[in-house]
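First comes the structure, then the notes that go with it.
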Amino acid sequence: MKLRTKLAALSLLTLLLPWSAWKLLQELERFLRESQQGALLASARAMATAIPMEYSSRLLFLPENFVPVWDLPNPPALDGYFDDWPGDGRGRQFESEDGSLAVQLSAANHGGQLYVLFDVRDHERAGVRDSIVLLARSPRGLVSFTISPEAPGPVQLYSDRENSGQVEGYWLEREDGYRAELALPSSVRNTDISFQIRSESPVAGAPARVAGPLADAERPAWISLESAWAGMSRWLDRSGVESARTWLVGPGAWVLADSRSGKTGESGDGAPSTTWLQRLLYRMVAGARTATRENWPEKPVRLDGETVRQALTGEEMISWTQDFDTAMVWNTVAVPIELQGEVRGAIVVQSTSDGLLLATNQALGRLLLTTLGIAIGLAAGLWFFATRLSRRVRKLSTAVSQAMHDSAGPEALPLKSDRDELGELARNNQKLLQAVADYNTYLETLASKLSHELKTPLAITRSSLDNLASKALDGESRQFLQRAQQGVDRQFAIVRAMSEASRLEASISVAEWETIDLGRFVTRCVEAYRNVHEGRNLDIRVQQEGPPVKCAPDLLAQALDKLVDNAVSLSGQDDEITVGLNFDDTRCELFVRNTGSHLPEDLQERLFDSLVSLRERPGAVPHLGLGLYIVRLIAQVHGGDVNAANLADSAGVEFRISIPV
C-alpha cells in the first residue's frame with residue numbers, strides 16, 4: 001500500500017471528531033431532559049402537598065359516582081354531535097348486564113344551563129323501542145323526564161311535576177345506536193342526576209335491556225355533577241411552571257382543574273420554528289428512546305394514559321413522548337395526592353420541548369458543522385501532506401536509482417538542503433553513494449595497479465625459481481619446486497589478464513569507428529567461434545536487411561568474444577549457445593543465450609562491475625570478473641547498455657547489448 005493511501009486511510013480517524021460530537025450532543029440532550037423533568041417533578045410535588053384547604057376537602061369527600069361538568073364558552077347546538085363539547089366527548093360509561101347495551105354520559109354548563117349528552121351503543125337494534133328515563137335532584141326538588149320519541153329529530157318534553165321546566169334536545173339515530181343531547185332546566189350547582197337507558201324487544205315476553213344507575217325508581221343511585229373547579233385552575237396556573245400545563249385529576253382520572261382554563265388568553269401547543277432537517281436530526285438524537293405521544297385532546301375530560309393510571313395507584317411517574325411529524329417532545333410527570341393516607345387524585349404536569357428542542361438543535365448545528373469542518377480540513381491536510389511527502393520520497397528514490405549508474409553522480413541528489421528527516425536521508429544517501437562510487441573507481445583501477453606492482457616481484461620470484469631448478473635437487477625438493485613454478489605461472493597469467501584489461505580500457509578511447517553491416521559482421525564472428533569451439537552447439541539468428549551501424553568493430557568483436565567465452569565456460573558440452581541480432585527503428589540488440597546455467601537474483605545488478613565473477617570455483621584459466629566489466633564499458637562507449645537476465649522457466653541465461661542505430 002502506498003504511503004499516500006495509508007495516510008488517507010489514517011485520515012478516517014478524524015471521523016472520531018463528529019462521532020464524539022454526536023455522543024456529546026446526546027449527553028447534552030439527556031442532561032437537558034433530566035434538568036427539565038427534575039424541575040417539573042419538584043413543582044408537581046410542591047403542588048401536591050400545598051393544595052388549598054377548600055379543594056383538598058372537596059377532593060377528600062368527592063363522591064364515588066360523579067361526572068365533571070365543564071364550562072362551555074358558547075351554548076352547544078342541540079344536534080347530537082360532539083363538535084362543541086369539551087375534549088373528545090368521553091364521559092362516564094354504563095353497560096347492561098349482557099354488555100350488548102352501553103351508554104356514555106357527558107355533562108356541560110353554559111350560563112347556568114345544564115347540558116347532558118347520552119351516547120348509546122346498541123348491538124341489537126332491529127325493531128327495538130328505545131327510551132331514556134332521567135331524574136334530576138336539586139334543592140328545589142325531584143323532577144323526572146321520560147324520553148321516547150317516535151322518530152329522530154328535536155325533542156321537547158315536560159316533567160311530571162308542575163313548574164319544573166321543560167327538556168329541549170335532539171335525538172340522533174346511528175347504525176350502532178343513537179345520541180340524545182339535552183338541555184335541562186336544572187341549575188348545575190347542587191344537582192344530582194340518575195338515569196336509565198331502556199331497550200324493549202318486539203318479541204312478546206322478552207325482558208327489556210337496561211343500562212344506567214337507575215335500576216330501582218324507588219332507590220336510585222345518584223350521580224353528582226361536579227362543576228369545573230375554576231378557583232383550583234387559577235391556583236394551578238399561578239403555582240405551576242410557567243411554560244408547562246398542569247391538571248388536577250380525581251378518582252377515575254377525571255380532570256377536575258386545568259391550569260390552561262385559568263389563563264385569560266389560551267394558546268395552543270405550536271410546534272417550534274425548526275426546519276425539517278433539524279427535526280430529522282433531533283429524532284435521530286432522541287427519537288430512539290422516546291415513545292410516540294399519547295393522543296390527549298386540547299381540553300381533555302379524562303386523562304386515562306398509563307402515566308396517570310400509575311400515579312393514581314400511588315407511584316410517581318415520568319414519561320417522555322414525541323410527535324412523529326414535528327419531532328416535538330413532551331415531558332409528563334404525575335405525582336399522587338395522598339389525603340389521610342389514601343390516594344385521592346394526582347397532579348399532572350406536562351411541558352413541551354420548545355426550549356429543549358431549539359437548544360439541542362443549535363448545539364447540533366454548531367457541533368456537527370464545526371467537527372465536520374475540522375474533520376474535512378484534517379483529512380484534506382493529511383491528503384496534501386501525504387501527496388507532498390510521497391512526491392518527495394519518489395523524487396529522492398528516482399535520483400538515487402539514477403545515481404547508482406555510472407552516468408550520474410551523487411551530487412545530483414535532491415532534498416539535500418531540507419532540514420527534515422528526508423533531507424537527512426538525502427545527505428546520508430549522498431555519502432553512501434559517494435563511498436560506493438569511490439570504491440567502484442578503486443576496483444576499476446585495481447587491475448592496472450596490481451599488474452604494475454606485481455610484475456617486478458613475480459619476475460624476481462620466477463628467475464630465482466629458474467636458478468634453483470638448475471641445481472641438483474632431491475626428488476622431494478624437486479616436487480616442491482615444480483609446485484612453486486606452477487603457482488608463479490598462474491600469477492603471471494593473472495597479471496597478464498589484468499594488463500590486457502587495462503590496455504583494453506585505454507584502447508577504447510582511441511578505437512577506430514566505421515559504418516558496417518552489423519549482421520554480416522556477427523555472422524563472420526560466429527563462424528570463427530565454431531572453429532575455435534569445435535563440438536559445441538553454436539547457433540546464429542541474425543535479422544536480415546538491417547540498417548548500417550556506425551561502431552568500433554574491434555571493440556564489438558572483443559565484447560562478443562567475452563560474451564561467447566562466458567557462455568561456453570558456464571554451460572555444458574550438450575547445451576545450446578545462440579548468438580543473435582535484432583533491429584528496430586532506433587536500436588539494434590546483440591544477444592548471446594545459453595542453456596544450462598542460471599543467474600542468482602542478487603548478482604544480476606552487480607554482474608557487470610569490476611572484479612565481480614559468477615564462477616564459484618576457480619578453473620585452469622583465471623577469471624577475475626573483468627570480462628563483463630569490459631563489455632559494459634564497450635556498450636557505454638557506443639551509447640548503449642548491457643543487461644543479463646534468466647530465460648523463462650529457468651531455461652538458461654541471456655546477455656543483451658543494446659546500441660542506438
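The values are calculated or read from the model by the stated rules, or taken from the named source; none is laboratory data. Quick caveat: nothing in here was measured; it's all calculated off a predicted structure. A quick note on method: Cβ atoms are made from the backbone with ideal geometry, for glycine too, and the neighbour counts reach across all protein chains shown.
The sole residue among Y170, Y158, Y178 that is at pLDDT below 80 and of a type in the set (S, T, Y) is Y158. The numbered conditions (1) modelled with pLDDT under 85; (2) within 23 Å of F608 (Cα to Cα); (3) part of a helix (DSSP H, G or I) are all true for H405 except (3). Note on the range 524-559: residues that are in contact with a strand residue (DSSP E or B) (Cβ under 7 Å, 6 or more places away or on another chain) and either in a helix (DSSP H, G or I) or hydroxyl-bearing (S, T, Y) (or both) total 5.
This table checks each residue for (1) over 60 Å from the mean Cα position of the chain (by Cα); (2) closer than 14 Å to S451 by Cα; (3) among the aromatic types (F, W, Y); (4) at pLDDT 80 or above.
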site: K471; (1), (2), (3), (4): yes, no, no, yes
site: S477; (1), (2), (3), (4): yes, no, no, yes
site: Q486; (1), (2), (3), (4): yes, no, no, yes
site: A493; (1), (2), (3), (4): yes, yes, no, no
site: I508; (1), (2), (3), (4): yes, no, no, no
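Taking the criterion of being at pLDDT 90 or above and among the hydrophobic types (A, V, I, L, M, F, W, C), would at least one residue in the range 592-605 satisfy it? Within the range 592-605, one or more residues are at pLDDT 90 or above and among the hydrophobic types (A, V, I, L, M, F, W, C).
Yes or no, residue by residue, for (1) on the phi < 0 side of the Ramachandran plot; (2) more than 43 Å from the chain's Cα centre (by Cα); (3) surrounded by 14 or more Cβ atoms within 10 Å (Cβ to Cβ):
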residue: P18; (1), (2), (3): yes, no, yes
residue: A21; (1), (2), (3): yes, no, yes
residue: L24; (1), (2), (3): yes, no, no
residue: E27; (1), (2), (3): yes, no, no
residue: R45; (1), (2), (3): yes, yes, yes
residue: A48; (1), (2), (3): yes, yes, yes
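Each residue in the range 303-338 was checked for being at pLDDT below 85 and either closer than 17 Å to T352 by Cβ or basic (K, R) (or both), and 12 of them qualify. Within the range 560-603, being out of contact with any strand residue (DSSP E or B) (no Cβ under 6 Å at 6 or more places or on another chain), among the acidic types (D, E) and over 20 Å from S650 (Cβ atoms) holds for D561, D565, D584, D585.
Go through (1) surrounded by 16 or more Cβ atoms within 10 Å (Cβ to Cβ); (2) within 60 Å of the chain's Cα centre (by Cα); (3) within 22 Å of L607 (Cβ to Cβ) one by one and return the number of the condition T578 breaks. So T578 meets the others, but not (2). Counting the residues of the range 610-644 that are at pLDDT 65 or above and either in the same structural domain as D489 (by TED's automatic domain parsing) or more than 21 Å from V495 (Cβ to Cβ) (or both) gives 13. For the range 237-285, filtered to residues that are of a type in the set (S, T, Y) and at pLDDT below 70, the residue that is farthest from P52 (Cα to Cα) is T275. Quick one: count up the residues across the range 411-462 that are at positive phi and of a type outside the set (A, V, I, L, M, F, W, C). Here the count works out to 0.
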